[in-house]
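Here the structure is laid out as structure tokens; the discussion comes afterwards.
The values are calculated or read from the model by the stated rules, or taken from the named source; none is laboratory data. Nothing here was measured: the structure is a model prediction, and the numbers come from that model. Cβ placement follows ideal geometry from the backbone for every residue including glycine, while neighbour counts extend to all protein chains displayed. Note: areas computed on protein heavy atoms with side chains; ligands, DNA, RNA excluded. Shrake-Rupley method; radii C 1.70, N 1.55, O 1.52, S 1.80 Å.
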Amino acid sequence: MAVISLPPVAPAIHVQKGHRHSHSLQSICLQYHQHGQTLHAGFRSTVPPALTSVYAPAVAKRRHTLQVHASSAGAAHPASPEDAPKSESLAAKFKALFSPFSEAGINKKLLALCGAQALSSVATLIHDTYLPLYLSEELKLSNTKIGNLQAMAQFLSNASKSLSGTLADLLSPARMIIFGTLLTTINKPMFALSGYIFASFGTVVCLYWVTSAKVFDRMSKGVREAPGKALIGELAAESGDKTEGAFGLRQAMSTFGALVGSIIAGLAYTLSGRNYAVTFSLSALPALGALLLVTTAFGQRAKDQDAANKLKRKDAAEKAKAEGTTSLNIGQKVRAFMGALQPAYWQALSVVALLYFARFDASFITLRARTVMDKAQLPVLMSIMMITQAVLSTPCGLRAKRSLKERNNLLLGGFGSMIIADLLFAKMATPQGMMLGAAAVGVHMAMTHAICLSMLSSYIPATEVPGLGRVSGTVWSFTDFVLGVVLAYSNSVAGKLADYTQQRGMGNIGCFYGGMVAVTLAGLVLVVCSRFLDLGKEELVTTAKGGAKINPSKGG
């Protein structure tokens, strides 16, 4: 047995042979504290109470119990954690994925919220998977018109996000989530009725009907989006936990729902004899399930928050009247708001905005793929993108947390993946090329989507701004609005570029060349800002200890 020397306060601790290095009990405790796991079975020790009192605080911070068993010459070793059934350990780990909060009741509410998000994603993908083909083949829309429709829907979606965030502050997040889910439930039958509208009233009326349905669908999603993020923050505050695990669960379940929706769409389209109306009609069922879920979970909460908000407004008005205080005027608020945003935020926003020019709607991938693939196989592309993204997003996010250099390098790698995807879609006109391109898009999203949002969040004030209070929600609303305008314009430009190349006999590939230009520019701006400006400076991250301090008098 190898022996480790310890301070005179305790005897030696024994370590089984086979371990590469020796460790002091202090380092063992630190390792335990960092990883939240029981000590490795190889460590056997005799620890007196004095040593336990010295190192116990490092271990006591964890919720597990550090079990150190006394041993003597010839005594039997205690049972090893490896002796526990592996199935039990796997089950505990799986359960932990769905329990990011410490309070069981709050976890149930979070699961209801995430479940509703997943069901809404199922519903949306059921009709969105084949909607571009329906618009192109049945309603005879050009790529430009499809791009304009997507642009308008995207713009209104982001506009509704901004409005719903403000309304969630005035009313309550729970109330707005229920309202947004109700709008989604009302919207889905509109797609199912498109076949009847087309047969009864003709192409023009059906075109307006489907356009209205698509815009309504994106707006209802926008109504749910900001309040959903705010509600997760409320639940985290109530449980005293951080939000990372909750947001990760929400994203995972949403992606899984989208995958299920695309699979259902493919099966329904095939089994119904390629009937668009029948396929679209199935979207109403998961939307109704989402409404029942949020109403049951958050109905009473919405009523309680409505009553509390009325009391708060009444008390605030009485206090202001008694003290004779006045609030800042509009001009002062705008100056204070802009002053709270440091230059690094604007640099990050520039990078993400340029990237979003390359992120036109997936409809253009579908329209390109249908020229080389059977239509019944098209949902496979969406499945490849989502599976790749779901598998790689978490490892990429964990790696990006190490340093700004790692973050920026991952973003550059993701930009390169998008260039590869665009080249495959444009040049490799085979089913295999489309599938490889879809996989490259999935890698790109895994390496950039969450990390871009995290980069923006790093430079958004995390504390109260003098004269304004908390502004993080307002900044996110502003950010969503800017990126919504960019996405809307990118879809419009993508449609025109696709028509331009198609009219010249090259196929609808112009949008992919435009995407390569946009993502290359985003990469160049990121390199410049990280090397010569502020995106490489750790001290400017507002969420870090000792990070940037807010000075509203200095704008970005």
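Residue count for region 483-524, restricted to those that are open to solvent by less than 40 Å² (accessible area, probe 1.4 Å) and not small (Gly, Ala, Ser): 12. In region 128-186, the residue that is farthest from the chain's Cα centre (by Cα) out of those that are hydroxyl-bearing (Ser, Thr, Tyr) and part of a loop (DSSP other than H, G, I, E, B) is Ser142. Scoring Thr166 on the criteria (1) closer than 29 Å to Thr366 by Cβ; (2) of a type in the set (Val, Ile, Thr); (3) at pLDDT below 85; (4) out of contact with any Leu (no Cβ under 6 Å at 6 or more places or on another chain) leaves a single failure, condition (1).
If a residue must be at pLDDT 75 or above and either of a type in the set (Asp, Glu) or within 30 Å of Leu453 (Cβ to Cβ) (or both), how many such residues does region 300-333 contain? The number of residues fulfilling the criteria is 3.
Any residue at all in region 373-391 that is open to solvent by less than 20 Å² (accessible area, probe 1.4 Å), modelled with pLDDT under 90 and not in a helix (DSSP H, G or I)? The answer is yes; a qualifying residue exists. Screening Gly233, Gly261, Gly266 for residues that are open to solvent by less than 40 Å² (accessible area, probe 1.4 Å), part of a helix (DSSP H, G or I), within 19 Å of Leu113 (Cα to Cα) and modelled with pLDDT of 85 or more leaves exactly one candidate, Gly261. The single condition from (1) out of contact with any helix residue (DSSP H, G or I) (no Cβ under 7 Å at 6 or more places or on another chain); (2) surrounded by 13 or more Cβ atoms within 10 Å (Cβ to Cβ); (3) at pLDDT below 70 that Leu111 fails is (3).
The residues listed here are Gly180, Gly228, Gly222; of these, the one that is modelled with pLDDT under 90, in contact with an Asp or Glu (Cβ under 9 Å, 6 or more places away or on another chain) and open to solvent by less than 70 Å² (accessible area, probe 1.4 Å) is Gly222. Cβ-Cβ contacts under 9 Å between residues 6 or more apart (or on different chains), taken from a first residue in region 437-462 that is at pLDDT below 80 and among the aromatic types (Phe, Trp, Tyr) to a second residue that is open to solvent by 10 Å² or more (accessible area, probe 1.4 Å) and in a loop (DSSP other than H, G, I, E, B), are listed as Tyr459/Gln342; Tyr459/Asp534; Tyr459/Val541; Tyr459/Thr542; Tyr459/Ala548; Tyr459/Gly556.
Please tell me if Ile146 is farther than 25 Å from Gln305 by Cα, buried (at least 20 other Cβ atoms within 10 Å of the Cβ), touching a Gly at 6+ places or on another chain (Cβ under 7 Å) and not polar (S, T, N, Q). Yes: the conditions hold for Ile146. A single entry from Val380, Val372 fulfils the requirement of being out of contact with any strand residue (DSSP E or B) (no Cβ under 8 Å at 6 or more places or on another chain) and either hydroxyl-bearing (Ser, Thr, Tyr) or closer than 22 Å to Ala252 by Cα (or both): Val380.
The residues listed here are Leu207, Leu141, Leu156; of these, the one that is farther than 24 Å from Gly273 by Cβ and either open to solvent by 20 Å² or more (accessible area, probe 1.4 Å) or modelled with pLDDT under 80 (or both) is Leu156.
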